[in-house]
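The structure under discussion is supplied below as structure tokens; questions concerning it will follow.
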Number of protein chains: 2
Amino acid sequence: MSDSYVHGYDSQEALRLKDQADALVDLLHADTTYPDGSTVLEVGCGVGAQTVTLARRSPGALITAMDRSPSSLLEAERRVAEAGLRNVTFVEADLFTPPFDAASFDHLFVCFVLEHLADPAAALRTLQRLVRPGGSVTVIEGDHGSIVFHPDDPCARSAIASQIALQRDGGGDALIGRRLYPLLSEAGLAGVSVGPRMVYVEGSRPDLAEVFTRRTFTAMIAGVRERVLASGRMNPARFDAGVRALERAAAPDGIFCYTFFKAVGRVLHPAAPDGGAELGQGHAAV
Amino acid sequence: MSDSYVHGYDSQEALRLKDQADALVDLLHADTTYPDGSTVLEVGCGVGAQTVTLARRSPGALITAMDRSPSSLLEAERRVAEAGLRNVTFVEADLFTPPFDAASFDHLFVCFVLEHLADPAAALRTLQRLVRPGGSVTVIEGDHGSIVFHPDDPCARSAIASQIALQRDGGGDALIGRRLYPLLSEAGLAGVSVGPRMVYVEGSRPDLAEVFTRRTFTAMIAGVRERVLASGRMNPARFDAGVRALERAAAPDGIFCYTFFKAVGRVLHPAAPDGGAELGQGHAAV
């Protein structure tokens with residue numbers, strides 16, 4: 001087997017895996033596009049994983065990506081520049097003290113952020129004030145309680161439960177996806193619509209198993225190993241067996257399912273009771 | 001409030017609930033239609049809940065509905081007649097000893113049956129022999145492990161776990177949905193394709209909450225109360241609290257999600273290695 005063959009094979013594999021990663025991005029983001037000239041605030045952009053997708057799908061929108069971590073913002077800026085995108089401005093700020101006037105933006109986008117907050121309802125109330133009446137709020141979160149896998153394994157279930165407990169100890173909620181409808185409704189948003197998005201990985205989709213089951217979910221669980229062991233919730237042997245069982249679920253006769261929840265609501269400020277009628281075309285609908 | 005108003009209101013409510021029930025039927029069955037003149041074996045038709053839908057959606061197909069219970073068959077026959085359908089024949093037989101020659105049917109349909117069997121793989125191997133090469137096998141099952149609800153409640157989780165345990169004690173598997181891909185593949189079916197079908201019930205859908213969360217799922221859990229108490233798995237107070245918590249999930253700010261799995265595979269008998277090419281139009285695809 002020549003080097004070029006190996007190289008060619010690797011490139012093909014990389015391409016296939018990229019296709020699967022793109023399919024996951026589509027599952028979550030394909031129906032989010034903002035009109036040319038509209039202003040969008042992305043809260044908690046982190047290292048820009050969603051920012052690149054957002055900016056690429058709405059090339060005429062003006063996106064402000066906010067995060068409180070300077071190092072994350074630098075990485076996000078690098079990724080956006082690398083993608084050749086020029087419609088993103090970066091702002092360093094905490095989401096509870098955003099440096100913007102009320103009604104400064106047409107739309108708000110929040111992805112994988114609320115799960116880390118002790119009071120996601122308060123965050124939503126603060127943030128939606130930044131959106132003009134009639135503007136939209138889009139929230140995407142996962143839910144670790146939605147996981148279904150085969151073959152079943154008690155150590156894998158314990159490892160997932162330990163990650164959920166650690167996140168709860170830190171004030172977050174790994175099960176927040178299911179709560180988006182009441183959360184957005186209670187924050188005062190109107191016309192809230194939620195769509196579950198299930199990733200279903202079976203044996204006929206080995207590339208999706210690689211990208212999602214192994215490299216995304218199992219890697220995330222493996223990443224909390226030291227903290228789980230330090231917490232005394234599991235011993236090393238059981239935790240490692242759990243991670244192996246999750247990898248086993250990515251085999252040709254294994255199954256792994258995970259559900260994300262995507263919610264969209266409309267801002268109706270008290271000052272503008274008829275603002276709802278302004279909702280523009282291109283609104284992110286689920 | 002006059003009697004006629006009450007009656008009118010009740011009728012409207014009945015219509016709305018019927019719409020929701022129809023939506024659930026569509027979710028599971030809308031993509032199953034069989035060509036005119038084709039022969040379909042429905043195994044384990046029970047009281048005909050699926051038979052009516054099957055016969056109505058494929059009015060030109062010849063359906064044989066089989067069950068081992070004479071009383072269930074009588075009820076199924078009554079329902080099918082009441083629906084004005086004439087394309088169904090009823091046969092009393094056990095699915096492990098079906099009174100048919102090999103390759104007697106074009107298609108096989110199995111819905112909510114494998115979950116009750118100690119050896120679903122053996123059942124599939126036996127049953128698929130009844131289908132001609134190139135014919136299809138469609139299987140639909142639920143998975144109680146896919147349930148996500150809000151607000152969370154430990155008694156509700158225990159009640160569901162108790163039902164799963166009871167079914168396991170009886171030789172069945174309430175978590176079989178996730179296993180359809182490996183089950184059909186290992187039974188020798190080709191081109192197996194599985195589609196998860198999630199029922200997502202949020203506060204904006206009170207009629208679906210009534211039909212699915214309350215009258216279907218919660219009623220099923222409430223129905224095993226005596227067996228759960230007799231098994232000693234839960235005491236009456238905790239079980240009843242669990243049922244109330246499931247009803248609570250059907251409230252306007254509650255959430256209930258359940259995933260069904262629908263699998264379709266193709267029969268490729270060893271005697272007809274090229275049989276796969278015969279697969280006709282109208283094949284139930286997921």
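The values are calculated or read from the model by the stated rules, or taken from the named source; none is laboratory data. Computed from a prediction, not measured in an experiment: that's the story for all the values here. For neighbour counting, all protein chains shown are included, and Cβ atoms are generated from backbone atoms with ideal geometry for every residue, glycine included. Side chains are part of the model used for accessible areas, which takes the heavy atoms of the whole protein and leaves out ligands, DNA and RNA. Shrake-Rupley method; radii C 1.70, N 1.55, O 1.52, S 1.80 Å.
Based on this model, can you work out whether B:Arg197 counts as without any contact (Cβ under 8 Å) to a residue 60 or more places away in the chain, under 17 Å from the mean Cα position of the chain (by Cα) and either within 11 Å of another protein chain (Cβ to nearest Cβ) or in a helix (DSSP H, G or I) (or both)?
So B:Arg197 does not fit the description; no.
Is it the case, given these coordinates, that A:Leu166 is under 30 Å from A:Arg125 (Cα atoms), out of contact with any strand residue (DSSP E or B) (no Cβ under 9 Å at 6 or more places or on another chain), more than 13 Å from every other protein chain (Cβ to nearest Cβ) and part of a helix (DSSP H, G or I)?
Judged against the criteria, A:Leu166 is a match.
Further question on the same structure: In segment B:44-54, what residues are surrounded by 24 or more Cβ atoms within 10 Å (Cβ to Cβ) and at pLDDT 95 or above?
Of everything in segment B:44-54, those that are surrounded by 24 or more Cβ atoms within 10 Å (Cβ to Cβ) and at pLDDT 95 or above turn out to be B:Cys45, B:Thr51, B:Leu54.
Mind checking which strands (runs of 3 or more DSSP E) fall wholly inside segment B:67-162 and carry at least 3 residues that are open to solvent by 30 Å² or more (accessible area, probe 1.4 Å) and more than 14 Å from chain A (Cβ to nearest Cβ)?
It comes to B:88-92.
Here's a follow-up. Checking B:Glu247 against (1) within 14 Å of chain A (Cβ to nearest Cβ); (2) in contact (Cβ under 8 Å) with a residue 24 or more places away in the chain; (3) open to solvent by 50 Å² or more (accessible area, probe 1.4 Å), which single condition isn't satisfied?
Only one criterion is unmet by B:Glu247, namely (1).
Find all pairs meeting these conditions: Cβ atoms under 6 angstrom apart; at least six residues apart or on different chains; first residue within segment A:169-189 and touching a residue at least 60 places away in the same chain (Cβ under 8 Å) and within 12 Å of chain B (Cβ to nearest Cβ); second residue crowded, with 17+ Cβ neighbours inside 10 Å and aromatic (Phe, Trp, Tyr).
Taking only residues 6 or more apart or on different chains, the pairs are A:Gly177/A:Phe261; A:Leu180/A:Phe261.
Name the one entry in B:Val47, B:Val80, B:Val52 that is closer than 28 Å to B:Leu208 by Cα, in contact with a Gly (Cβ under 7 Å, 6 or more places away or on another chain) and among the hydrophobic types (A, V, I, L, M, F, W, C).
After ruling out the rest, the residue left standing is B:Val80.
When both residues are 6+ apart or on different chains and their Cβ atoms are under 7 Å apart, which pairs have a first residue that lies in segment B:225-236 and is of a type in the set (A, V, I, L, M, F, W, C), and a second that is part of a helix (DSSP H, G or I) and open to solvent by 60 Å² or more (accessible area, probe 1.4 Å)?
B:Leu229/B:Pro236
Another question, if that's okay. Can you tell which of B:Thr51, B:Thr64, B:Thr32 is touching a residue at least 24 places away in the same chain (Cβ under 8 Å), among the β-branched types (Val, Ile, Thr), on the phi < 0 side of the Ramachandran plot and in contact with a Cys (Cβ under 6 Å, 6 or more places away or on another chain)?
None of the other options fit; the residue is B:Thr51.
Oh, and also: Looking at (1) within 12 Å of another protein chain (Cβ to nearest Cβ); (2) aliphatic (A, V, I, L, M); (3) more than 21 Å from A:Ile176 (Cβ to Cβ), which one does A:Leu229 not meet, given that it meets all the others?
(1)
Residues in segment B:109-153 that are more than 30 Å from B:Thr64 (Cβ to Cβ) and free of Cβ contacts under 8 Å to residues at least 12 places away in the same chain: how many?
So the count comes out to 1.
Among the residues of segment A:200-226 satisfying the criterion of being part of a helix (DSSP H, G or I) and among the basic types (Lys, Arg), which is nearest to the other protein chains (Cβ to nearest Cβ)?
For segment A:200-226, the residue satisfying everything is A:Arg214.
Residue by residue, here is whether (1) touching a helix residue (DSSP H, G or I) at 6+ places or on another chain (Cβ under 9 Å); (2) among the charged types (D, E, K, R); (3) open to solvent by 20 Å² or more (accessible area, probe 1.4 Å) holds:
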| site | (1), (2), (3) |
| --- | --- |
| A:Leu175 | yes, no, yes |
| A:Leu184 | yes, no, no |
| A:Pro196 | yes, no, yes |
| A:Glu210 | yes, yes, yes |
| A:Ile221 | yes, no, no |
| A:Gly232 | no, no, yes |
| A:Ala241 | yes, no, yes |
